[in-house]
Amino acid sequence: MVFLNDMRVRAFCYQFGAIALVAFAGWTMFAAASDNLAKQNIATGFGFLARQAGFVISEAAIAYQPTDSIGRAILVGIVNTVKVSALAALLGTFLGLVIGVARMSRNPLLARLALAYVEVLRNVPLLLYLFLWYSLIILVFPPVRQALHVLPGVYLSNSGLVLPALILGKGSTAIAITIVASAAAALLIHRIARQKRIVTGRSNHGTAIAFLALLAPPLLLWVLGAVSVTWDVPEAGRFRLTGGLHVRPEFVALLFGLMLSVSASVAEIVRAGIQAVGAGQWEAAAALGLSRSRTMRLVVLPQALRLIVPPLTNTYLTVFKNSSLAIAIGYPDLVMVSNTVMNQTGQAIETIAIFMGVYLGLSTVISLAMNWYNARVALKER
């Protein structure tokens with residue numbers, strides 16, 4: 001039993017025991033519920049996922065028809081949830097970084113505007129903002145018959161935004177593989193160039209070369225005719241718009257609500273991280289002749305990042321879970337699709353277990369990714 005003196009072994013044993021205990025408790029409750037439902041002649045199990053769905057989903061990020069299975073419908077809900085949550089997290093992080101830096105500005109007007117932005121968004125429930133954005137879109141913009149022709153091929157109405165859609169024909173698989181390979185090559189080139197620049201202290205135009213490596217192969221395929229690309233331009237009919245990519249108001253309202261909510265939280269995290277960096281760093285950078293903006297970008301923010309990443313993980317977990325409020329405005333996320341499935345099949349326990357497992361899985365993946373990144377940017381003790 002000497003190995004139990006190892007702290008890592010004990011930590012692993014504690015975690016394994018906790019997971020086993022939770023799994024046993026969950027299985028016990030599920031088995032008891034299944035027995036009770038069987039006594040009342042209520043079907044149990046996940047066989048219902050293979051049945052025909054029979055209902056329409058207003059917005060699907062992947063191909064879906066009412067004749068598809070219930071499992072396919074739930075998959076559509078999962079993809080819709082991931083799509084809007086990931087976009088909100090990405091855009092909210094960028095906006096929050098800008099607002100957080102603005103809060104530290106020496107310009108008192110800019111700093112107070114950023115403070116007002118944060119306080120308003122943090123102190124009003126997200127659900128109210130979802131209703132606000134959705135109501136504004138429905139009431140302010142004209143109906144489809146009178147859609148605003150904003151740009152050539154771009155229409156705006158209370159049914160959403162319609163844009164020209166890019167359609168890949170011949171060679172779609174080849175272009176997808178090429179884009180992935182080009183992105184990997186660009187990242188590798190950028191990393192090698194950065195390491196060489198650190199060692200030699202001389203610029204080697206690594207970013208430009210990486211950017212060229214990212215764009216050149218796909219463009220070459222298109223020039224050689226290996227890929228056919230067409231545009232589906234929307235057309236205004238008498239009663240509706242046909243063709244193009246339709247961005248629905250439910251998606252826009254949910255995206256805006258989540259993005260602004262995330263940006264307020266990220267702004268406070270960024271502000272706290274910047275303030276945690278010692279004043280000596282600012283003074284040392286000023287002594288070297290760096291401007292305040294370059295000091296922020298090259299000296300302060302890289303050090304603040306080590307303090308920003310851990311609380312940022314909780315913010316990303318929150319945005320994925322808050323996306324379940326989409327049911328209030330009719331966006332077909334996982335919860336809304338699951339509710340429809342429950343109403344049709346009557347198998348509430350299995351359906352709830354599915355979307356609880358999905359949220360747990362998404363949260364685990366986000367935590368693992370952020371912990372990995374946090375370990376990369378953390379200070380290494382020697």
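The values are calculated or read from the model by the stated rules, or taken from the named source; none is laboratory data. These figures come from a predicted structure and were not determined experimentally. When we count neighbours, we look across all protein chains shown, and the Cβ atoms used for this are built from the backbone with ideal geometry, even at glycine. Just so you know, the surface numbers come from the protein's heavy atoms only, side chains and all, with ligands and any DNA or RNA stripped out. Shrake-Rupley method; radii C 1.70, N 1.55, O 1.52, S 1.80 Å.
Full extension of the chain between Leu168 and Arg297 gives 42.5 nm of extra length, using 0.36 nm per residue less the Cα-Cα distance. Using θ = phi - 60° in the Karplus curve 6.51 cos²θ - 1.76 cosθ + 1.60, the 3J(HN,Hα) couplings for the range 152-167 round to x, x, 10, 10, 10, 8, 6, 9, x, 10, 10, 10, x, 10, 8, 10 Hz; x is entered for Gly and Pro. Put simply, the range 231-382 fits an ellipsoid with semi-axes of 42, 24, 12 Å; these come from the alpha carbon gyration tensor as the roots of five times its eigenvalues, largest first. Overall shape: oblate for the range 90-240, with the ratio a/c of the largest to smallest alpha carbon gyration tensor axis at 1.5 or above and b/c at least equal to a/b.
Here the Karplus curve 6.51 cos²θ - 1.76 cosθ + 1.60, taken at θ = phi - 60°, turns the phi angles of the range 339-347 into couplings of 4, 4, 4, 4, 5, 7, 9, x, 9 Hz, with x standing for Gly and Pro. Solvent exposure of His246, expressed as accessible area, is near 70 Å², computed with a probe of 1.4 Å over the protein chains only. Rounded to the nearest Hz, the phi-derived 3J(HN,Hα) couplings of the range 358-369 under the Karplus curve 6.51 cos²θ - 1.76 cosθ + 1.60 (θ = phi - 60°) are 5, 5, 5, x, 4, 5, 5, 4, 4, 4, 5, 5, where x marks glycine and proline.
Taking every DSSP helix (H) stretch of at least 4 residues in the chain, weighting each as -39,500 (n - 2.57) and dividing the sum by the residue count yields a mean residue ellipticity at 222 nm of -22500 deg cm²/dmol. Taking only alpha carbon atoms, the chain gives an Rg to Rh ratio of 1.01, where Rh is the Kirkwood radius. Once both labels are positioned 7 Å from their Cα atoms along Cα-to-Cβ, the gap between Leu305 and Arg51 label points is 5.1 nm.
In terms of packing, defined here as the mean over residues of other Cβ atoms within 10 angstrom, the peptides 263-274, 209-220, 105-116, 347-358 line up highest first as 263-274, 347-358, 209-220, 105-116. Find the centroid of the Cα atoms in the range 245-284 and in the range 35-91, then give the distance between the two in whole Å. Cα centroid to Cα centroid, the span is 32 Å.
In whole Å, how far is the Cα centre of the range 302-357 from that of the range 100-144? About 23 Å separates the Cα centre of the range 302-357 from the one of the range 100-144. As a rough guide to protection, the peptides 315-322, 359-366 ranked by mean Cβ packing within 10 Å, highest first, stand as 315-322, 359-366.
Here the calculated FRET efficiency for Ala11 and Asn371, from their Cβ-Cβ distance with R0 = 22 Å, stands at 0.90, rounded to the nearest 0.05.
Solvent-accessible area of the chain (1.4 angstrom probe, protein heavy atoms only): carbon and sulfur portion equals 68 percent. Remark on Phe141: its backbone amide H falls under 5 Å from none of the residues 5 or more positions apart or on other chains, H modelled at 1.01 Å from N. Seen through its C-alpha gyration tensor, with square-root eigenvalues sorted a ≥ b ≥ c, the range 160-283 comes out oblate because a/c lies at 1.5 or above while a/b is not bigger than b/c. Legend: calculated FRET efficiency, Met356 to Arg238, from the Cβ-Cβ distance at R0 = 35 Å, rounded to 0.05, equals 0.15.
At 1.4 Å probe radius, can you tell me the per residue accessible area of the range 23-159 in Å²?
Accessible area per residue, the range 23-159: 60 Å².
Charge tally for Ile57 (other residues, Cβ to Cβ under 14 Å; Lys, Arg +1; Asp, Glu -1): -1. Shape call for the range 122-172 from the C-alpha gyration tensor, a ≥ b ≥ c root eigenvalues: rounded (a/c under 1.5), prolate (a/b greater than b/c) or oblate? Oblate, because a/c is 1.5 or more while a/b does not exceed b/c.
Using every pair of distinct Cα positions in the range 1-99, the Kirkwood expression returns a hydrodynamic radius of 18.4 angstrom.
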